[in-house]
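Student: Below you will find the structure I want to go over with you.
Taken together, the values in this text are just the output of simple stated rules run on the coordinates, not laboratory data. Owing to the predicted nature of the structure, the values given are computational and were not obtained by experimental measurement. Note that each Cβ is placed from the backbone with ideal geometry, even for glycine, and that neighbours are counted across all protein chains shown.
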Amino acid sequence: MLIPSEDIDQTRMAIDDRTRWNQRYRSGDAPRGDRPNRWFAAQHAALDRVAATLAGQQRAPAALDVACGAGGTVLWLAQRGWHATGVDVSDA
């Protein structure tokens, strides 16, 4: 089976990204713990309005955090009743 060269390049890029982010987390130079991204947390009033608007529905508001790192923003949302999912290329 032949693999197109662009797929190989994308695989290498994903591995390089994972390596770089893993190194950044190990060095302590990345957000950690249960705190969300500072910009995101500053938007809490808007998020509360969205949640209030959707409160009458049977489902909680949902969020997908791509490149979530250690998951601080996902945890922050979940603690406020959101159905939050996070994905990240790093092992954080």
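Student: According to a simple spin-label model (label point 7 Å from Cα along Cα-to-Cβ), what is the distance in nm between Ala45 and Val66?
Tutor: 2.9
Student: Can you tell me which of 69-75, 39-45, 19-25, 82-88 comes out highest on packing, and rank the rest after it, using the mean Cβ neighbours within 10 Å?
Tutor: My ranking of the peptides, most packed first, is 69-75, 82-88, 19-25, 39-45.
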